[in-house]
1. Compute the distance from the alpha-carbon center of the stretch 315-382 to that of the stretch 16-64, in whole Å.
2. Step by step: find N for the stretch 34-110, compute 2.2 N^0.38 Å, then divide the Cα radius of gyration by it. What's the final number?
3. Using the number of other C-beta atoms within 10 angstrom as an exposure proxy, rank 49, 80, 387 with the fewest first.
4. For the chain, what is the relative contact order in percent, using Cα pairs closer than 8 Å and at least 6 residues apart in sequence?
5. What is the ratio of the Cα radius of gyration of the stretch 235-387 to 2.2 N^0.38 Å, where N is its residue count, to two decimals?
6. Quick one: pull the percentage of alpha-carbon pairs in the stretch 122-229 with a separation above 19 Å.
7. With label points built 7 Å along Cα→Cβ from the Cα atoms of residue 355 and residue 174, find their separation and express it in nm.
8. Expected output is a single nm value to one decimal: the length gained when fully extending between residue 8 and residue 202, i.e. 0.36 nm times separation in residues minus the C-alpha distance. What is it?
């Protein structure tokens, strides 16, 4: 990747935000409070507009720039970074895929740029689980005889719920006279009558995401709230959709990198009276530090190289291989972050699991990546099929 002034600026903003977020994370976790001030800082910085084209008022960053910035942001507060990365990814998909009606898309973009509004999708449900595994939503939208829709249902894992203004909701859509429902998405706002948040989030990991349940009780909306059905994607569209998993993967790599920085600093500063110097001089600590860095290097090289391939236009040239590479990069980013945090804890020892140490938060938060799609089994299966020649042959070579 050729560095640009825009990319350097975005990473610098991420670094400044990450330092602030990291200082607050422990305090909020212990108090059980939500870090609203993080989002105030986010809006002031403009970071939430990273993926919006410059001509529409955003930063116009590329995928490579966004993923590198998200990795740095992830070093601060993993929970806040996850909310931000999901917002950027959902908005990026809507802009690039062009599958939203233009008036609604421009309304959301304007709200993000002018008012600092944030967006996320509510898709998971108690009965269905993750939509990435398939299944018909139990949340339903019924077409009304006079026009418009009535929506009822309950969504789980609404990440960032206290600060979202726009929420896209995936539902089973029952049209008048249709024999079978279709699955589609509605654009709602947090102040929609009948929409409420039930505080259910009580997780060991990502405690500050406030991923509460979304309750939809006889909500009535106008026809234009319906963004349309989920139609079968072309290979190029599927590759574009998959690519927006990279910013989310980036924050998990960032958590692993934060753990390594902490452990390295601790090793150089820790000087027990049994040694003449620091524990960094011990061979077994050096080996663990090497293993920690090796894990992160493998994740970093795959993650950033794949993001750069997206910018190079590979989704259009070889979309199936790009999807496989995204799955591989996400797999490495999450699993190698977990490995790095484990090595960091082995270096620091029991002190790393004390509440005042950020390592215990990195340990918990790093594991959340296993639950974000693409899941490990799906990504490995696709990579295996590609390697075995069961999918399209690659039309380019890559070091990713």
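We did not get these values from a lab; they are worked out from the coordinates using the rules stated. Not measured: the values here are computed from a predicted model. Glycine gets a Cβ as well: all are built from the backbone with ideal geometry, and neighbour counts include every protein chain shown.
1. Between the Cα centre of the stretch 315-382 and that of the stretch 16-64, the gap is 21 Å.
2. 1.11
3. 387, 49, 80
4. It rounds to 16 percent for the chain.
5. Rg over 2.2 N^0.38 Å, computed on Cα atoms: 1.20.
6. 41 percent
7. Placing both labels 7 Å along Cα→Cβ, they lie 4.8 nm apart.
8. Result for the pair: 66.2 nm of gain on full extension.
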